[in-house]
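Asker: Please read through the structure below; I'll follow up with questions.
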Amino acid sequence: MDGAPPAVSSDAESLDRSSVDWGAWHASYERPDSALGKRLALVQAQVRAALERAPRGRIRAVSICSGQGQDLIGVLADDPRRGDVSARLVELDGENVERAREAVAAAGLGAVEVVAADASITDAYKGAVPADLVLICGVFGNISAADIDRTIEHLPQLCAPAATVVWTRHRNPPDLVPHITRTFERAGFEALAFDDAGPYGVGANRLIAQPAAFRPGVRLFEFIGHQALWPHLGTSQRAALAALFRPDCSLVELVEAMRALPYGLPSEPTSESMLREGRGTSEAKHLFLGHTIATRFPWAQPELVHRVYRLDRARALELYGPEIAQAVPAEGLVDVHRYLTLVLEGRRVAIDATLPGPPWDGRSPLPVACGPGEDHAAGADPDADLRALESERCDAGARAALTSARARAALPAAPA
Ligand SMILES: C[S@@+](CC[C@H](N)C(=O)[O-])C[C@H]1O[C@@H](n2cnc3c(N)ncnc32)[C@H](O)[C@@H]1O
């Protein structure tokens, strides 16, 4: 590909070290039945359709915040037009860049380059545009509504005549998909296709206006991450959660962010689902904390623990509120709770971030929310250990009611 790879700015580098693990985010792609797996299938179908429509000859593609590049590389691996395609994937996270480069090499795609650069500034595309295919997937849910407009309005700069843009956006409130569709139209793009996959929408639009002249140095957006998803949370909750995106986020801020996250069962047992929906249970919160602390603060030696305990209705009311308490039978039920332990100032202490509470001093234990019970250290596969304990020790019927109450808890309000 022609054109020098753009330099990475220092701001951009710092984002690469934020607490959100964008490498782990891609793990859901390994499960085709996950929400992200289904979204990937729809994105790939639009990429294939764009390649099929393209006239004979060279096809140029760019991917904005390309992650590990499964969408484009996955198609090019066996598409009949693969020999015609040259592409630039722009991604900041070092692990994702490496993974994408490995996939490019494995698929033998000599004309596809993966650059470690800030995709939010047009400089990143110098030498790779005008493109016939522009991918902007997993971005509109991570930037402000004003930046969505700004980015779409500038896209004609990156486009060749009749270029296809493939984009995604989740449909959680506030559902911005109708607004995005109108913004594309205003910017000179006609709608080609739109599909829903669970919480995600996948769109394809074609440029029918004239392309705009490429201008380097234009900022398209600021990638603020999942903060963009939490308009339904209070200001202090959002401020606490914003720490997850700061490269200098401390251990205390990380734990406080999880405590501030509303209690509720995310639709999938993944950190991605928890952060996107802005709710988590002891299971999701401590899995995320354990993984993130092990990566960023390994000296704290996080260990997950499962506590088998008896939950009665009065305690459920006190801890989780009336909706969940109603799902607890009068005689109570056996449940399994997850927390973690950390080594702080030379001693191992219990840390439970399930619920909010007075500020943590960074060294004292945070009491285990469920109260006393029987502890089991988690092994290499904590989720399998938890499921095994649940099936051995819990009454399946009683727990099913509790689980569905947890799933209803803290759902974002429907848009007005
Ligand atoms: C939600 S993921 C989407 C990845 C990919 N497009 C997909 O849909 O599979 C967002 C990606 O944007 C990357 N990212 C965030 N800010 C970026 C920036 N300013 N420039 C380039 N990549 C960025 C993250 O590292 C992450 O891999």
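Asker: Could you tell me the calculated FRET efficiency between residue 374 and residue 175, based on Cβ-Cβ distance and R0 = 56 angstrom, to the nearest 0.05? Please list the in-between numbers first.
Answerer: Numbers: r = 44 Å, r/R0 = 0.79.
E(calc), rounded to 0.05, equals 0.80.
Asker: Rank-order 53-63, 265-275 by packing density, defined as the average count of other C-beta atoms within 10 Å over each peptide's residues, highest first.
Answerer: Details: 53-63: 17.9, 265-275: 21.5.
Result, highest mean first: 265-275, 53-63.
Asker: Applying a 10 Å radius around every beta-carbon, put 74-84, 357-367 in order of their mean neighbour count, most first. Don't skip to the end; give the middle numbers.
Answerer: On the way: 74-84: 15.9, 357-367: 12.6.
My ranking of the peptides, most packed first, is 74-84, 357-367.
Asker: Could you give the length gained on full extension between residue 408 and residue 41, defined as 0.36 nm per residue of separation minus the Cα-Cα distance, in nm? All intermediate terms of the calculation are to be shown ahead of the outcome.
Answerer: Numbers: separation 367, 0.36 × 367 = 132.12 nm, distance 2.82 nm.
That works out to 129.3 nm of additional length.
Asker: With an 8 Å Cα cut-off and a minimum separation of 6 or more residues, compute the relative contact order for the range 233-274 in percent. Please report the intermediate quantities before stating the final value.
Answerer: Working: 25 pairs, mean separation 13.4, N = 42.
Averaging sequence separation for qualifying contacts and normalising by length gives 32 percent for the range 233-274.
Asker: What's the FRET efficiency of residue 319 with residue 56 using the Cβ-Cβ distance as r and R₀ = 56 Å, to the nearest 0.05? Show your work: numbers first, answer last.
Answerer: Values: r = 65 Å, r/R0 = 1.16.
The pair residue 319/residue 56 has a calculated efficiency of 0.30.
Asker: Between residue 364 and residue 185, what is the label-to-label distance in nm when each label sits 7 Å out along the Cα-to-Cβ direction?
Answerer: With each label point 7 Å from Cα toward Cβ, the separation is 5.9 nm.
Asker: Identify, among 158, 73, 282, the residue whose Cα sits farthest towards the positive end of the charge dipole of the chain, taking +1 on the Cβ of Lys and Arg and -1 on the Cβ of Asp and Glu, with the dipole about the Cα centre.
Answerer: The residue sitting most towards the positive pole is 158.
Asker: Roughly speaking, what is the stretch gain from residue 396 to residue 291, that is 0.36 nm per residue apart minus the C-alpha to C-alpha distance, in nm to one decimal? Could the numbers behind the result be given before it?
Answerer: Values: separation 105, 0.36 × 105 = 37.80 nm, distance 2.86 nm.
Contour length minus Cα-Cα distance gives 34.9 nm.
Asker: Output the relative contact order of the range 232-408, whole-number percent, from Cα pairs under 8 angstrom with separation of 6+ residues.
Answerer: Details: 288 pairs, mean separation 41.7, N = 177.
Relative contact order here is 24 percent.
Asker: How high is the relative contact order of the chain? Use alpha-carbon pairs under 8 Å, at least six apart in sequence, and give a whole percent. If you can, show how the numbers build up before the last one.
Answerer: Details: 806 pairs, mean separation 57.0, N = 416.
Computed over the chain, the figure is 14 percent.
Asker: Beyond 43 Å, what share of the Cα-Cα pairs of the chain remains, rounded to the nearest whole percent? Walk me through the numbers on the way to the answer.
Answerer: Details: 15707 of 86320 pairs.
That tail contains 18 percent of the Cα-Cα pairs.
Asker: Could I ask something else about it? What order, most packed first, do the peptides 110-116, 397-403 have when packing is the mean number of other Cβ atoms within 10 Å of each residue?
Answerer: 110-116, 397-403
Asker: Quick one: length gained pulling residue 326 to residue 347 fully straight, 0.36 nm per residue minus the C-alpha distance?
Answerer: Working: separation 21, 0.36 × 21 = 7.56 nm, distance 3.88 nm.
Extending this stretch completely gives an extra 3.7 nm.
Asker: For residue 250, what is the net charge nearby, where nearby means another residue's Cβ is under 13 Å from its Cβ and Lys, Arg count +1, Asp, Glu -1? Walk me through the numbers before you get to the answer.
Answerer: Working: positive: 246, 296, 363; negative: 248, 253, 256, 361.
Overall, the nearby charge balance is -1.
Asker: Also, quick follow-up: For the pair residue 236 and residue 81, how long in nm is the line joining their label points, each one 7 Å along Cα→Cβ?
Answerer: 5.4 nm
No lab work stands behind these numbers, since they all come straight from the coordinates. Bear in mind that the values here come from a model prediction, so they are computed numbers and not experimental data. Backbone-built Cβ (ideal geometry, glycine too); neighbour counts: all protein chains shown.
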